[in-house]
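The values are calculated or read from the model by the stated rules, or taken from the named source; none is laboratory data. These figures come from a predicted structure and were not determined experimentally. Here Cβ is always computed from backbone atoms with ideal geometry, including for glycine, and neighbour counts include all displayed protein chains.
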Amino acid sequence: MDYFSPETDYGVHAGDPALAGYLDDVNALLRDVDPALASYTESDIDGTANRLRMLIELCHPHGIAVILAVVYNHAGGWFTDQGMYFFDEQPRNDQNNSLYFTDRGWAGGLVFAYWKDPVKQFLIDNARFYLDEYHADGFRYDEVSVIRNEGGEHGWRFCQYVTDTCRFVKPEAIHIAEHWPVDGAVTRPTVNGGAGFDASQHDGLREAVRGAVRQAAYGRDSRVDMGRIADALRDTTFGDRWRGVQCTENHDIVYRGRDQRVARLGDGGNPRSWYARGRARVALGLTLTAPGIPHLFMGQEVLEDKPWHDEPCSVFQVWWAGLREDRAMRGHLAFS
């Protein structure tokens, strides 16, 4: 049941009657696993931080691991006297005087000063906090290539420190890097000079499959490059092929205004046509069965064809009601 309202953005304010509805659903899900599990009360989830803890603790009894996305390559926001940028009130004549940051920008933010040991420790402590306090099951590290390119040897050393530390704290947690271009050194053990990540996102199969679907949409006589897919399936960049994270959609690719979701790539005129559904199934099947770790983007399992955007309660949300109203979506989920 959806208790969300546009006014609450990403959380529900304390005292909001909607919390009672959430609590009823959460406690029912806990009882489904074990009637003896303690029930949450409203005071247990005061504040959005505690609600994230509750979500993770709810997933675990149902066999769902939770991997958090962490951004250690930069921080965004307003870099004012009230923010982290000049938290230490050092002179403003050089942006590198900042306690945490450099004068280098990335994605609307500023890159961390990896050459400073306290900054490296600050970020490592943040990762440990999520493992210890939130019981996270691992991390997906945003744009490790920025850490490496902007931080040089210090950035690479930070990667080694954070993966080694987290592996000591919670050996079973997984560490997935996003690094472009794909580089086997990212998943090489730190004792051998690598960054120590367990796995890394890979764009080889993604681009090969999306390219083939796009080519097939031109019609019967179009050339479809299946050899490129075969080459991607044989890729050994990481040595152990399971270390590559395979996808055909992600939040960067299908963001509003960028590229299309697979169903629309398959048939731009009708994303519910036989052609669109068939091509989306091929893409999904290859993603799930290729060597590596499969990664499905939200809604891909139900044939969602709208672009993605991070506006809460917008028209870009996954159309879950389609599972009742759209036979094609139900069929695609059954195939998944």
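With the requirement that a residue be in contact (Cβ under 8 Å) with a residue 24 or more places away in the chain and in a loop (DSSP other than H, G, I, E, B), what does the range 199-226 give you?
202, 217
For residues that are farther than 21 Å from residue 60 by Cβ, of a type in the set (D, E, K, R) and in a loop (DSSP other than H, G, I, E, B), tally how many sit in the range 105-145.
Residues in the range 105-145 being farther than 21 Å from residue 60 by Cβ, of a type in the set (D, E, K, R) and in a loop (DSSP other than H, G, I, E, B): 3 in total.
So which residues in the range 155-190 are of a type in the set (Ser, Thr, Tyr) and either farther than 22 Å from residue 101 by Cα or without any contact (Cβ under 8 Å) to a residue 24 or more places away in the chain (or both)?
Result: 165, 187, 190.
Look at the range 316-331 and say how many of its residues are of a type outside the set (D, E, K, R) and in a loop (DSSP other than H, G, I, E, B).
Qualifying residue count for the region: 6.
Table: residues versus (1) of a type in the set (Phe, Trp, Tyr); (2) buried (at least 19 other Cβ atoms within 10 Å of the Cβ).
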{"residue": "255", "(1), (2)": "yes, no"}
{"residue": "264", "(1), (2)": "no, yes"}
{"residue": "267", "(1), (2)": "no, yes"}
{"residue": "271", "(1), (2)": "no, yes"}
{"residue": "278", "(1), (2)": "no, no"}
{"residue": "283", "(1), (2)": "no, yes"}
{"residue": "286", "(1), (2)": "no, yes"}
{"residue": "304", "(1), (2)": "no, yes"}
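Sort out which residues of the range 144-154 are crowded, with 20+ Cβ neighbours inside 10 Å and within 21 Å of the chain's Cα centre (by Cα), and write them in order of number.
Once the filter is applied, which keeps residues that are crowded, with 20+ Cβ neighbours inside 10 Å and within 21 Å of the chain's Cα centre (by Cα), the range 144-154 yields 144, 146, 147, 148.
For the range 65-77, check the following and say yes or no: at least one residue is at pLDDT below 90, surrounded by fewer than 16 Cβ atoms within 10 Å (Cβ to Cβ) and assigned by TED's automatic domain parsing to the domain that holds residue 133.
Yes: one or more hits.
Given the conditions (1) outside any helix (DSSP H, G or I); (2) of a type in the set (Val, Ile, Thr); (3) crowded, with 16+ Cβ neighbours inside 10 Å, report the number of the one that residue 229 does not fulfil.
The one condition residue 229 does not meet is (1).
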